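Written out below as structure tokens is the structure these notes cover.
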Amino acid sequence: MTQTDNSVTARSPRRTRWSATDLGLIAVFAALVAASALVAAIPVGGLGVPITVQTLAVMLTGLALGPGRAFAAVGLYVLLGIAGLPIFSGGRSGPGILATPSAGYIIAFPLAAAAAGWLAVVVLRRTAARSGKIRGVLLFAAAMVSSIIFVHTLGVLGMMVNAKLSLSAAFLADLPFYPGDIIKNVLAVSIALSLHKAFPDLLLRRVRKADVRL
């Protein structure tokens with residue numbers, strides 16, 4: 001009986017369901033990503049893939065919510081856009097977006113948010129006793145790694161498939177997005193640090209409780 005009780009206790013910290021607060025955060029951040037698409041975009045080249053502030057919202061979602069909720073929030077945004085809501089950049093919507101040069105970037109958003117969220121959890125766990133500057137640098141690195149691996153890589157693949165570009169041409173078409181992403185990731189980290197300071201339960205304290213019980 002004791003062994004069974006201990007086993008149940010050991011498994012209890014593993015959340016199998018999201019709370020109402022979790023669901024509310026998912027909805028709020030999905031709306032944030034959608035709202036970011038309404039900000040005027042800067043056209044780049046002739047492929048119709050603009051520079052937007054969406055990646056700022058996507059990375060902020062990951063850094064603030066962690067992997068699961070971030071993936072759900074950004075995934076919800078993508079699904080609603082594909083379903084027909086005009087919430088992609090330029091007011092675009094529908095499944096036809098998957099046939100455009102922007103498709104790779106859009107598909108990458110939930111994956112990048114989840115990756116940034118997972119890395120953010122690792123950073124927050126290991127920098128609890130360190131200065132905020134170190135934490136900020138590591139969170140920026142987490143955002144940049146997630147952006148490069150998912151957003152830029154899948155963005156290049158999307159242009160190769162849908163715009164019929166060669167690898168080198170698609171890579172060159174993607175390069176103009178890097179300076180903006182660096183700036184947006186700096187902003188995302190600054191906002192995320194402020195959020196975690198103002199609302200410790202948003203992610204950090206949740207992780208600490210789990211660590212203590214495990």
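A few comments on the model shown:
- Near Ile51, the amide H atoms lying under 5 Å from its own belong to Ile42, Val44; only residues 5 or more places off or on other chains count, and H is placed 1.01 Å from N.
- For region 65-167, applying the loop criterion from DSSP together with a ceiling of 15 other beta carbons within 10 Å to the trypsin sites (Lys or Arg not before Pro) yields Arg130, Lys164.
- Distance histogram in 10 Å bins (all Cα pairs of region 18-213, percent per bin): 10, 38, 34, 15, 4, 0
- Lysine pair count for region 18-213 with Cα-Cα distance under 21 Å and sequence separation of 8 or more or different chains is 4.
- Accessible area of Leu60 (1.4 Å probe, protein heavy atoms only, ligands and nucleic acids ignored): about 10 Å².
- Couplings 3J(HN,Hα) for region 169-183, derived from phi with the Karplus relation 6.51 cos²θ - 1.76 cosθ + 1.60 (θ = phi - 60°), are 5, 5, 4, 5, 5, 7, 4, x, 7, 5, x, x, 5, 4, 5 Hz, where x marks Gly and Pro.
The values are calculated or read from the model by the stated rules, or taken from the named source; none is laboratory data. These numbers were taken from a predicted model, which means no experiment stands behind them. When we count neighbours, we look across all protein chains shown, and the Cβ atoms used for this are built from the backbone with ideal geometry, even at glycine. All accessible areas refer to the heavy atoms of the entire protein, side chains included, with ligands and DNA or RNA removed. Shrake-Rupley method; radii C 1.70, N 1.55, O 1.52, S 1.80 Å.
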